[in-house]
1. Please go through region 10-30 and give me each residue that is under 22 Å from ALA94 (Cα atoms) and either outside the structural domain of LYS61 (by the TED database) or of a type in the set (Gly, Ala, Ser) (or both), ordered by number.
2. Does GLY250 satisfy the condition of being surrounded by 14 or more Cβ atoms within 10 Å (Cβ to Cβ), touching a residue at least 24 places away in the same chain (Cβ under 8 Å) and over 21 Å from the mean Cα position of the chain (by Cα)?
3. Find all pairs meeting these conditions: Cβ atoms under 6 angstrom apart; at least six residues apart or on different chains; first residue within region 266-286 and open to solvent by 10 Å² or more (accessible area, probe 1.4 Å); second residue outside any helix (DSSP H, G or I).
4. What pairs come up if the first residue lies in region 60-82 and is of a type in the set (S, T, N, Q), the second is surrounded by 18 or more Cβ atoms within 10 Å (Cβ to Cβ), and their beta carbons are under 6 Å apart, counting only those six or more places apart or on different chains?
5. Just to verify a result, which residue in region 69-113, among those that are within 24 Å of the chain's Cα centre (by Cα) and among the charged types (D, E, K, R), is most open to solvent (accessible area, probe 1.4 Å)?
6. Can you tell me how many residues within region 410-426 are open to solvent by less than 20 Å² (accessible area, probe 1.4 Å) and not in a loop (DSSP other than H, G, I, E, B)?
7. Does any residue in region 205-232 that is on the phi > 0 side of the Ramachandran plot come within less than 7 Å, Cβ to Cβ, of a residue that is at pLDDT 95 or above and open to solvent by 20 Å² or more (accessible area, probe 1.4 Å) six or more places away or on a different chain, and which pairs are these?
8. Search region 307-330 for residues being open to solvent by 50 Å² or more (accessible area, probe 1.4 Å) and outside any strand (DSSP E or B), and hand back the single one that is farthest from ALA428 (Cα to Cα).
Amino acid sequence: MKYTINSALPQNSSAESLLILVDNNKLESIEKTYQINELKKLFEHVHYKASFNESLPLIGKLATIPNVTLLGLGDAADVKAAKIAKLAQSIIKATQTKFKQIHIDLSALPADLHYLFALSLSQAAYGFDEFKSKKNEFVLETINLISTNSSLNYDQLQLIEALQSGQALARDLGNRPGNICFPEYLADQAKALANEFPDLLKVTVLDEQQMADLGMNAFLAVSKGSARPGRVITLEYNSKLDQAPVVLVGKGVTFDTGGISIKPAQTMDEMKFDMCGAASVLGTIRSLCEARLPIHVVGAIAAAENMPSAQATRPGDIVTTMSGQTVEILNTDAEGRLVLCDTLTYIQRFNPALVIDIATLTGACVVALGKVLSGLFSPDDELANELLQAGEQSFDRVWRMPVSDDYQELLDSPFADIANIGGPYGGAITAACFLQRFTRDYRWAHLDVAGTAWLSGPNKGATGRPVPLLVQFLANRVKAHG
């Protein structure tokens, strides 16, 4: 999707449709701006109140554009960020299959919501029909935004376009089934991205023998149960830049049966989404490449499939991690932390400025925060605050949870240095505490996106979160560090 921003309706526009956002306290401004006569009488006749998301077609009222629709905001001063997505979805649903190019006059919307509104339009304009015989008939290509008081600029719109592309990639990867999207497939996707942007990306892929040589036995304890071999994939973006990189580490369990600690059958199909952390890393890297942000970033993906087999890890098995710490694997369904811990040790070779891992890690986080907020865990107040701010700016919000040494004793094992689960209480916290034991040498934050990376029910599918959060976080760092 392409975006433009103008202060008034362009002359000789080829757009077929104009949507005008309306403040119900300023209905008369529409009549004045667009010189549409007798609007007040029409409003009274059809009882139009411009309530939030209430639409009114004005067929033939504007000579230059055949289709004009008013879309109510209610009292614009009361519109909050949480409502913006609903507004964007209504617009896209009404126009996506009908018009190639539309205008939206968002002058009535508070200026501080313009960026979020444009971002929400890009997110609403997504469909996944890859495995359907009947494809989506989407034709909308360009959205021309109009406002007399917008804070939006060209660079922001370019970032939104790049973000849309990256978030769509993350959603596509998450939506693909496990028989299509497996560890080697993720490696191929990373290589394809590097081929598309050879001046910006360098990709390295570790196979299982190389992992074994490095002592990544926690990772291999997960991947060895599957006929699909595991892979550690790194994507170095802008590596020539003379700065310590931000490293993003994504959990890429392409299908999670639970292993020997097998999951119940109901909704197990959704375990194809257990690689959404990895998908968000690939999506973020794609956004960076398209926006060409001047920042050094490394994406690392821990890709494995967790299956039960004669070779699968047994509950009670003990392995030695790449860090030298030993782990008693009490539950093979707590596998994400096992592939992540070795990857978090491996990425030390990049001398990171900071590390953020992204993982659909625990059901406990879904219980705590539902499908609205992602869990944020970090002992670093400054880093946590930067992520909280970026989450608010992109409306890809997080909630800070504790990760303190008080919880570490729950992970004690009588047979090894650490157990891979911490009992029935504070499951999301003890999972973060497990990862923390492998991140003491650098600044670190953990995002548990188990509740936000995909939706169930009638709108089932990957959301592409937290790509907006991560891209905003990186854009903020570029701005702060010049």
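The values are calculated or read from the model by the stated rules, or taken from the named source; none is laboratory data. Quick caveat, the model's predicted, so the values are computed rather than measured. When we count neighbours, we look across all protein chains shown, and the Cβ atoms used for this are built from the backbone with ideal geometry, even at glycine. The area values use the complete protein model at the heavy-atom level, side chains included, leaving out ligands, DNA and RNA. Shrake-Rupley method; radii C 1.70, N 1.55, O 1.52, S 1.80 Å.
1. Result: SER13, SER14, ALA15, SER17.
2. Spelling it out, it is not the case that GLY250 is surrounded by 14 or more Cβ atoms within 10 Å (Cβ to Cβ), touching a residue at least 24 places away in the same chain (Cβ under 8 Å) and over 21 Å from the mean Cα position of the chain (by Cα).
3. MET271/PHE255; MET271/ASP256; LYS272/PRO177; LYS272/GLY178; LYS272/PHE255
4. ASN67/SER17; THR69/LEU19
5. It comes out as LYS93.
6. Total satisfying the criteria: 3.
7. GLY215/THR320; GLY215/MET322
8. Residues of region 307-330 open to solvent by 50 Å² or more (accessible area, probe 1.4 Å): 307-308, 310-311, 314-315, 318, 320, 323, 330.
Now narrow it down to the ones that are outside any strand (DSSP E or B): 307-308, 310-311, 314-315, 323, 330.
On the way: MET307: 23, PRO308: 24, ALA310: 30, GLN311: 28, ARG314: 23, PRO315: 20, SER323: 22, LEU330: 16 Å.
Out of the qualifying residues, it is ALA310.
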